[in-house]
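Remarks on the structure that follows.
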Amino acid sequence: MTDNWKNSAACASIGGDVWFPEAAKSPRDAIRICNTCLVKTMCLVAGMEETAGIWGGTLPAERARMRDEPTSNRKAWPSLIVSMNARGLPAKEIAAHIGCNERTVFRVLKAEREKTA
Ligand code: SF4
């Protein structure tokens, strides 16, 4: 993946401190900007392994949960897939993180949609 998406980042003209708030500061303003960002998904994919800062509107702890969920436990897959999908992660990336195939991701999302229909 190239870094071209960064040219369209909503944060491109804003100081980096907002995306690396100290523990005492709220990340709310940064996340609000992320939620309007056209390249939020690309940012999340790029920052998935990052242990600091806000990437794609997520905090380090949220990304850690996505990474560290016991993916060998298939019972955990639906909630993990739904959570990653809600964050805008593409099916291919979700499948790669979980260790399943894309078809499984689509099947789980379809089943979840049917539950709420
Ligand atoms: S999602 Fe947030 S951190 Fe990522 S590029 Fe957009 S504004 Fe910047």
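Give the lysines reachable from Lys25 as a straight Cα distance under 30 Å; neighbours fewer than 8 places away on the same chain don't count.
Lys6, Lys40
Using alpha carbons only, how many degrees (0 to 90, rounded to 10) separate the axis of helix 77-86 from the longest principal axis of the chain?
Roughly 40 degrees, rounded to the nearest 10.
Give me the compactness ratio for region 51-98, meaning the Cα radius of gyration over 2.2 N^0.38 Å.
Dividing the Cα radius of gyration by 2.2 N^0.38 Å gives 1.08.
Only Cα pairs within less than 10 Å get springs; with that Gaussian network setup on the chain, which residue of Glu62, Glu22, Glu49 has the largest fluctuation?
Glu22
Find the Cα radius of gyration of the chain, compare it with 2.2 N^0.38 Å by division, and give the number to two decimals.
Normalised Rg, Cα atoms only: 1.12.
Where does the chain land at 222 nm, in deg cm²/dmol rounded to the nearest 500, when only DSSP H runs of n ≥ 4 count, each adding -39500 (n - 2.57), divided by all residues?
-14000 deg cm²/dmol
I need the trypsin sites (Lys or Arg not before Pro) found in region 1-69, filtered to DSSP loop residues with at most 15 other beta carbons within 10 Å of theirs.
Those satisfying the criteria are Lys25.
Between the helical axis of 102-116 and the dominant principal axis of the chain, each derived from Cα atoms, what acute angle in degrees is found, rounded to the nearest 10?
Roughly 90 degrees, rounded to the nearest 10.
Test of understanding: express the Cα radius of gyration of region 1-57 as a ratio to 2.2 N^0.38 Å, with N the residue count.
Compactness ratio reported: 1.06.
Read-outs throughout are calculated quantities, based only on the coordinates presented, and are distinct from any laboratory measurement. Predicted, not measured: the structure shown is a model, and the values here were computed from it. Here the Cβ is made from the backbone with ideal geometry for all residues, glycine too, and neighbour counts use every protein chain on show.
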